[in-house]
């Protein structure tokens, strides 16, 4: 699991602490791709309408796999 977290963190995909509504997944993806978090949330909502149930599986999976911003910064900047 740590290798998955490290891979996402290296790619700049982390669950943010700011702009978080539920788990911070959409806000983290928006930050990574340089767009507004509400645009990503709207895209998630649109795919939920187009493919019912799809996001009910994808969002929780990303919530588990994408590391939290606070945990990532604590690993890269340990306390002295």
Of all residues in the stretch 6-32, which are in a helix (DSSP H, G or I) and either at pLDDT 85 or above or more than 21 Å from residue 56 (Cα to Cα) (or both)?
-> 6, 7, 9, 10, 25, 26, 27, 28, 29, 30, 31, 32
Hits in the stretch 33-69 (condition: surrounded by fewer than 15 Cβ atoms within 10 Å (Cβ to Cβ), over 21 Å from residue 6 (Cβ atoms) and modelled with pLDDT under 90) | 45, 46, 47, 49, 50, 51, 52, 53, 54, 56, 57
Return yes when residue 16 is free of Cβ contacts under 8 Å to residues at least 12 places away in the same chain and surrounded by 11 or more Cβ atoms within 10 Å (Cβ to Cβ) and no when it is not.
-> no
Selection within the stretch 3-13 - without any contact (Cβ under 8 Å) to a residue 24 or more places away in the chain and either more than 16 Å from residue 69 (Cβ to Cβ) or crowded, with 18+ Cβ neighbours inside 10 Å (or both) = 3
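The values are calculated or read from the model by the stated rules, or taken from the named source; none is laboratory data. As the structure is a prediction and not an experimental result, all values here were calculated from the model. Methodologically, a virtual Cβ is constructed for each residue, glycine included, from the backbone with ideal geometry; neighbour enumeration extends over all protein chains shown.
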